[in-house]
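The values are calculated or read from the model by the stated rules, or taken from the named source; none is laboratory data. Computed from a prediction, not measured in an experiment: that's the story for all the values here. Quick reminder, even Gly has a Cβ in these numbers, built from the backbone with ideal geometry, and neighbours come from all protein chains shown. Ligands, DNA and RNA are excluded from the accessible area calculation, which covers all protein heavy atoms including side chains. Shrake-Rupley method; radii C 1.70, N 1.55, O 1.52, S 1.80 Å.
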Amino acid sequence: MKIRCLLLASALLILLCPPVCFPQDYEDYESSVDDIFNDVGDSELSEEQVEDKQSMEPSFSTGSPVISFYGHFNAAAGLVEKIRPDTNTNMGMTFNNTLGFTAHPAPEFTIQGAVRTEFPDFDISLSHLYFDYILAEKVYISVGATAKSWGNSRIFDTNILDDEDYSEPKIFDLSFTPTRRFDTSITIPIGYGQIEALAMYKGSDIPEVSKENIAYAAEVEYPIGPFAVSLFARTWAKRDTQRMQPAFGLSVTTDLLGNHITLWGKVHAPRGKVQEDISYAKFVGGISRLWDLDDIGKMGFAAEYQFIYDSHTGGGSTTSSELAFTAAWSHMFRSDVSPSVQWYLNIDNMSGYVIPSISYTPFKYLTVTLVAPVLYNGGSYSYDSVTYTSSANSVTALLGLIFTLSVDY
């Protein structure tokens, strides 16, 4: 029960930072609104995932060899009260630290890595460890332990590299983490675009290194007029217990009247039989926008629709339609107050939840946050082993007060 309390408090704490769990690249809390509008890889849910995205971007030095270290420390304590339909109180605390390094032994060679320690799990884990190498000034090679991400959505999961397809809004669920693997990628520029090929080995599940334990993916990105277009495909390792049929897809992004528009879709089918035997299909479309007003602060929103067709799990085919929305007002009227809201709806059964929150930063590094999740009509919200579910035609309400101390070094 103690662990459940701790996890729930941690979950609600992170929900309070609008609109994602932690500010991108551990920058000042004011940058939180911008996180909605970064590429999908930047819309990660935790410190580990932010670091993993950083590891995806080759960084090369033009100066003398140098090694630098960075870190992030976070401690939080909170009280969570279930106020409807029944009542109970939980208290919790989290404590974690990430220590990383970046080394430039040569202008064309970079090494990066990070280690994370956590309480209450008393866990020490490798966040990422990889190298980037530029060959002949044209070919980029990256090798190492990462959680690489491809996709263009802000809320739902469009990362084709995850071993399992995830249907819930990824930035609302703190238990969501991308698949961690040992990757080898090669990126080659082609005109204004690029092509990337990737070999993926998931050693924790398949300890033997062989061609039957390696999955492959490829992506071609190219601008066409005002559109950024991406074609992608991936396979699963033959011995992977989470193996699915090969996936093929298309991604399109553009800007229209100040709004950022994203369209993404994929199908799973045997090679050469895409039109004959589709076992799984997914479509995500979204719109987002950011305003940065001098006297008011930063305001932003993202809204997405998701449709899923699934026949690979047996028992016939099923479809589902979902909507999600997130919005934030960072440093409202240039004050230390930042409200946000997240909303999710399953259109098929009209279940879902809404999560309003507000944060206040009275002192440097210290933030006090209040969050009030409301689940309705059978909607559920989970974090690790903690799951709250509302009954049909009823409402479940929670209230949390969290204190967090966070510092970069």
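Tabulated data
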{"quantity": "Quotient of C-alpha Rg and 2.2 N^0.38 Å, computed over the range 69-117", "calculated": "2.05"}
{"quantity": "Hz values of 3J(HN,Hα) by residue in the range 191-201 - Karplus curve (6.51, -1.76, 1.60), Gly and Pro given as x", "calculated": "x, 8, x, 7, 10, 10, 10, 9, 10, 10, 10"}
{"quantity": "Interchain or long-range residues, amide H under 5 Å from Ala237's placed H", "calculated": "Ala215"}
{"quantity": "The range 295-308 - phi-based ³J(HN,Hα) in whole Hz, Karplus 6.51/-1.76/1.60, Gly and Pro as x", "calculated": "8, 10, x, 8, 10, x, 8, 9, 9, 9, 10, 10, 10, 10"}
{"quantity": "Per residue value of the accessible surface for the range 288-391 (all protein chains in place, 1.4 Å probe), Å²", "calculated": "47 Å²"}
{"quantity": "Within the accessible area of the range 283-409 (1.4 Å probe), percent carbon and sulfur", "calculated": "64 percent"}
{"quantity": "Solvent-accessible area per residue for the range 107-163 (1.4 angstrom probe, square angstrom)", "calculated": "39 Å²"}
{"quantity": "Protein-only accessible surface order, largest first, of Trp264, Trp343, Trp329 at 1.4 Å", "calculated": "Trp343, Trp329, Trp264"}
{"quantity": "HN-Hα J in Hz across the range 244-249 - Karplus 6.51, -1.76, 1.60, θ = phi - 60°, x for Gly and Pro", "calculated": "10, 5, x, 10, 9, x"}
{"quantity": "Gyration tensor verdict on the range 282-409 (Cα atoms; rounded if a/c is under 1.5, prolate if a/b is larger than b/c, oblate otherwise)", "calculated": "prolate"}
{"quantity": "Viscosity 0.890 mPa s, 25 °C: Kirkwood-radius Stokes-Einstein D of the range 222-363 over Cα pairs, µm²/s", "calculated": "135 µm²/s"}
{"quantity": "Where labels lie 7 Å past Cα in the beta-carbon direction, separation of Val337 and Thr89 in nm", "calculated": "2.6 nm"}
{"quantity": "Amide H within-cut-off set for His128, under 5 Å, with H built and near neighbours excluded", "calculated": "Ala114"}
{"quantity": "The range 220-243-the range 344-409 distance, computed between alpha-carbon centres (Å)", "calculated": "33 Å"}
